[in-house]
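Here is the structure we will look at.
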Amino acid sequence: MTWPELLRLLEEEVEIRSKIRGDLVEWASEALRSDDQSPAAHHRLLLKELTALSRGDTDRLLVHMPPGSAKSTYASTFFPIWWLGQNPGGSIIAASHTSRLAESFSRRIRNLIVEHRARLGLDFRPSDRSIANWRLTNGGEYLAIGTRGAISGRRADLV
């Protein structure tokens, strides 16, 4: 590979990193690329609302979409990853009707962060191996909890 080719590849990588770190739709598109998918129009609308929530333009969001609309993929998997990148030191409590479901979202998030760590600029603290409760090197924290799980004394910036 020649220097100009290598330089071009590096410039492309820097551009990709900048896009996915700054735009939730770009991040979702990147996360879906390996499955040869991309966000549909209704997903883009959801991502727009989640971005507004992240910016503080709105302080609450309730999502009503039919089963199979990929609510969990976008709101419970892609969004928390992107949000933690936007909010170093921020904390998330992800609550679900069972701890098993909450932990399955956490596992998907962990796998995506590992897969895209360089592009996202995120990584786990080496000592954090828990599926349900982990921290990132940027200070971000994630707690997955089911109904009746103990969250007393825990604070979160995003629930």
Computed about the Cα centre, the charge dipole of region 3-145 from +1 Lys/Arg and -1 Asp/Glu charges at the Cβ has a magnitude in debye, to the nearest 20, of 480
Rounded to the nearest 5, the percent of DSSP beta bridges in the chain running antiparallel is 35
Counting only DSSP loop positions in region 29-90, the trypsin sites (Lys or Arg not before Pro) whose Cβ has at most 12 other Cβ atoms within 10 Å are 60
In whole percent, the fraction of accessible protein surface over the chain that belongs to carbon or sulfur atoms, probe radius 1.4 Å, stands at 51
Quarter of the surface of the C-alpha convex hull for the chain, i.e. direction-averaged projected area in nm², equals 11.0
Region 1-81 -> Rg/Rh from Cα coords, Kirkwood Rh, value 1.10
Taking a ≥ b ≥ c as the square roots of the Cα gyration tensor eigenvalues, with a/c under 1.5 meaning rounded and otherwise prolate when a/b beats b/c or oblate if not, region 77-148 comes out prolate
Projected onto the charge dipole of the chain (unit charges on the beta-carbon of Lys, Arg, Asp and Glu, signs +1, +1, -1, -1), the Cα from 32, 136, 150 with the largest positive-side position is that of 150
Per residue, accessible area of the chain with a 1.4 Å probe, heavy atoms of protein chains only, in Å², comes to 61
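The values are calculated or read from the model by the stated rules, or taken from the named source; none is laboratory data. If you're wondering where the values come from, they're calculated on a predicted model, not measured in any experiment. Using ideal geometry, Cβ is built from the backbone for each residue, glycine included, and neighbour counts are taken over all protein chains shown. Calculation scope for accessible area: heavy atoms of the full protein, side chains included, ligands and nucleic acids excluded. Shrake-Rupley method; radii C 1.70, N 1.55, O 1.52, S 1.80 Å.
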